[in-house]
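A quick write-up on the structure given underneath.
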Amino acid sequence: MNRRPVFLITVLCFGFAFFYIPILSMIVYSFNASRLATVWGGFSTKWYVSLMSNRQVIEALMLSLKIALVSATIATILGTMTGITLARFGKFRGRMLFTGLVTAPLIMPEVITGISSLIFFILMADWIGWPGSRGFTTITLAHITFSMVFVSTIVQARMLQADRAIEEAAMDLGSRPWQVLFDVTLPVISPAILSGWLLAFTISLDDVVITSFTTGPGATTLPLLIWSKVKLGVTPDINALATLMVLTVGMGVVVAGIVMNRAEARRRADERMAYRSND
Amino acid sequence: MLARLSRWFDRRGWADILIGAPYLWLLIFFLLPFLIVAAMSLGTKTPTAPPISFGGEYPLLNWDSYARVLGDGLYLRAFLTSLANAGLAMVLCLLIGYPMALGLCRVSNGWRNILLMLVILPFWTSFLLRVYAWMGLMGRNSWFNRLLTDSWNLLVPVDWAVKSVPMMNTNFAVVLVMVYTYLPFMILPLYASLERLDPTLDEAAMDLGSRPFQVFRDVTLPQSVPGIVAGGMLVFIPAAGELVIPTLVGDASSPMIGRLISDEFSAARNWPMASAVAVVLLLIMVVPTMIYSHYQAKAEGSK
């Protein structure tokens, strides 16, 4: 096709304008001097200054990071186990149910997951006295449950692409099954595990609905803090907070993308070298 | 003893642990809570804590809540609103996302990587903040609303002039923000299925005398059906149960089902009702999920 696809390029331009104009507008208005969030009243950085001294925001951020770190790590361990199981173990008793359990959280509306977790925690506290109060622990448990299936999807996809011959070779050379797992399988799928962890981390950091149901008195994560303020309308300090969050995550993703691209290119170059030296 | 344990671990214990740990986790923290919800939907609301009881002659055969879901217009309207909003968002995402995905296949390699990153980037940034960004644009005094108002007033007769365009707290706002937040879910599977297509097929069709639109209709479109279905379901399923968007920008007088469940549960403290609505919503969701997994299985089979 030698005709330039003018129509498609135009749609792309409009599409990306649609994606980014709201975010850019939010960033611009975070420097608004006026207290009225949508009327321009001159340039100012005062909302950022007041944000820096806002203890509530900093505490909420810390709690969110703590929950995201713990839940992403446990979710990655459980999700990796799930992905390996589904990709390698073929048929085992209860596989049907297991596959269902791994798929269901992906399509379950968040509000239902949230309510069922809350009812579960309330009844458990009633029956066996645990959990004593809702907060960090209950939020983290709920986050692990719905983010582990995302990790599992990524790991399973990577496992299905991976070359089984290497694992079989290790077995033939006398490795025990769990040694194969730790020495061969896990290193091979480590990029997938890392992206799984990153995904679980961002899912946890971003979640509002399930957190709002599983939280208790005193445990306010950053999204919950924003949620409670945003329900009342648009304010300039939320604009500033949003700008900081969007820029941090944006830069993180761009840097991670560049690093991953480079690592991938280096790996390909190494593979080529290895094949060439075999000839 | 230790030797036997070690032998068990080598032979099958490691595999049992690998399967068992996540299995047990999902049984306890996912299946069990959901079964409890399903049981709750057959209970009766009481002013105790927890606010539910199972009474009567047949405690687990109390279908009152389900009768209300089907009989009370409020719930039916909420279901219809949800399905209509999610369906509309899905169609709009397809209409915008398809040409964008096709465009991504046609730009040079360097541009493509940058643009793909730009599609994925919003997905990593906070969902809540993306909804919030639109609240800033849609409000009465925002530059965007004034821009729309001024262009409207310029185009229509004086009698139809408006002070501002009513956008916030309407179903229109809900659909718009849904399209905005879920568009990447449509573009990425579409791009994945379009990228695999063989460009020589297009050329063959051109050589045989097809015009560009015919090539698109007869060659490109039929081959991208799995991508369309995958993208469509990835938009429709979360959109139908959405809670954040309708709460922030939606019309409170015609709530979507997600908001209704949350209100029944938290504000009305009516656990049986919230549970029954949730179960019905899930039953409805089974249909698009089946369609999705059917096409996924087909796509995997053809690889």
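The values are calculated or read from the model by the stated rules, or taken from the named source; none is laboratory data. Predicted, not measured: the structure shown is a model, and the values here were computed from it. In this analysis, Cβ positions are derived from the backbone assuming ideal geometry, glycine residues included, and neighbour counts consider all displayed protein chains. All accessible areas refer to the heavy atoms of the entire protein, side chains included, with ligands and DNA or RNA removed. Shrake-Rupley method; radii C 1.70, N 1.55, O 1.52, S 1.80 Å.
Some observations on this one:
- Restricting attention to the range A:188-207 and to residues that are in contact (Cβ under 8 Å) with a residue 24 or more places away in the chain and more than 24 Å from A:Leu222 (Cβ to Cβ), the residue that is surrounded by the most Cβ atoms within 10 Å (Cβ to Cβ) turns out to be A:Ile189.
- Test result for B:Gly71, within 14 Å of chain A (Cβ to nearest Cβ), open to solvent by less than 70 Å² (accessible area, probe 1.4 Å) and of a type in the set (Gly, Ala, Ser): no
- Of the criteria (1) open to solvent by 20 Å² or more (accessible area, probe 1.4 Å); (2) over 19 Å from B:Glu242 (Cβ atoms), which one B:Phe127 fails: (2)
- Among the candidates B:Asp207, B:Asp218, residue that is over 21 Å from B:Pro288 (Cβ atoms) and either more than 14 Å from chain A (Cβ to nearest Cβ) or in contact with a Phe, Trp or Tyr (Cβ under 6 Å, 6 or more places away or on another chain) (or both): B:Asp218
- A Cβ distance below 7 Å, combined with a sequence gap of six or more or placement on separate chains, defines the contacts here; from the range A:167-182, residues that are polar (S, T, N, Q) reach residues that are part of a helix (DSSP H, G or I) in the pairs A:Ser175/A:Asp183.
- Considering the range A:126-146, and only residues there that are among the aliphatic types (A, V, I, L, M) and open to solvent by 20 Å² or more (accessible area, probe 1.4 Å), the residue that is farthest from A:Lys66 (Cα to Cα) turns out to be A:Ile128.
- Qualifying residue in the range A:8-31 (condition: within 14 Å of chain B (Cβ to nearest Cβ), in contact (Cβ under 8 Å) with a residue 12 or more places away in the chain and either touching a strand residue (DSSP E or B) at 6+ places or on another chain (Cβ under 8 Å) or closer than 30 Å to B:Asp198 by Cβ (or both)): yes
- Filter result for A:Leu61 (open to solvent by 10 Å² or more (accessible area, probe 1.4 Å), at pLDDT 90 or above, among the hydrophobic types (A, V, I, L, M, F, W, C) and closer than 28 Å to A:Thr248 by Cβ): yes
- When residues in the range B:161-187 are screened for being open to solvent by less than 60 Å² (accessible area, probe 1.4 Å) and in a helix (DSSP H, G or I), 15 of them pass.
- Restricting attention to the range A:224-238 and to residues that are under 15 Å from A:Leu61 (Cα atoms), at the interface with chain B (Cβ under 8 Å from one of its Cβ atoms) and among the aliphatic types (A, V, I, L, M), the residue that is surrounded by the fewest Cβ atoms within 10 Å (Cβ to Cβ) turns out to be A:Ile226.
- Test result for A:Ser117, in contact with a Pro (Cβ under 6 Å, 6 or more places away or on another chain), in contact (Cβ under 8 Å) with a residue 60 or more places away in the chain and farther than 30 Å from B:Phe144 by Cα: yes
- Residues in the range A:53-72 that are touching a helix residue (DSSP H, G or I) at 6+ places or on another chain (Cβ under 7 Å) and hydroxyl-bearing (Ser, Thr, Tyr): A:Ser64, A:Ser71.
- With respect to the conditions (1) in contact with a Leu (Cβ under 7 Å, 6 or more places away or on another chain); (2) more than 9 Å from every other protein chain (Cβ to nearest Cβ); (3) open to solvent by 40 Å² or more (accessible area, probe 1.4 Å), B:Leu31 falls short on a single one, namely (2).
- Residue check, A:Leu241 within 30 Å of A:Arg35 (Cα to Cα), open to solvent by less than 20 Å² (accessible area, probe 1.4 Å), facing chain B (nearest Cβ under 10 Å) and out of contact with any Pro (no Cβ under 7 Å at 6 or more places or on another chain): yes
- Residue match in the range B:8-20 (condition: facing chain A (nearest Cβ under 7 Å), crowded, with 20+ Cβ neighbours inside 10 Å and within 30 Å of A:His143 (Cα to Cα)): yes
- Looking across the range A:158-187 at every residue that is within 29 Å of the chain's Cα centre (by Cα), among the hydrophobic types (A, V, I, L, M, F, W, C) and open to solvent by less than 50 Å² (accessible area, probe 1.4 Å), the one that is nearest to the other protein chains (Cβ to nearest Cβ) is identified as A:Leu181.
- Among (1) within 7 Å of another protein chain (Cβ to nearest Cβ); (2) hydroxyl-bearing (Ser, Thr, Tyr); (3) touching a residue at least 40 places away in the same chain (Cβ under 8 Å) - the single one B:Ser254 does not satisfy: (1)
- Helices (runs of 4 or more DSSP H) fully within the range B:189-303 counting 3 or more residues that are closer than 23 Å to B:Leu94 by Cβ: B:199-207, B:212-215, B:225-240, B:244-249, B:271-301
- Of all the listed residues (A:Ile74, A:Ile107), the sole one being touching a residue at least 24 places away in the same chain (Cβ under 8 Å) and open to solvent by 40 Å² or more (accessible area, probe 1.4 Å) is A:Ile74.
- Meets criteria (within 12 Å of chain A (Cβ to nearest Cβ) and part of a helix (DSSP H, G or I)) for B:Leu148: no
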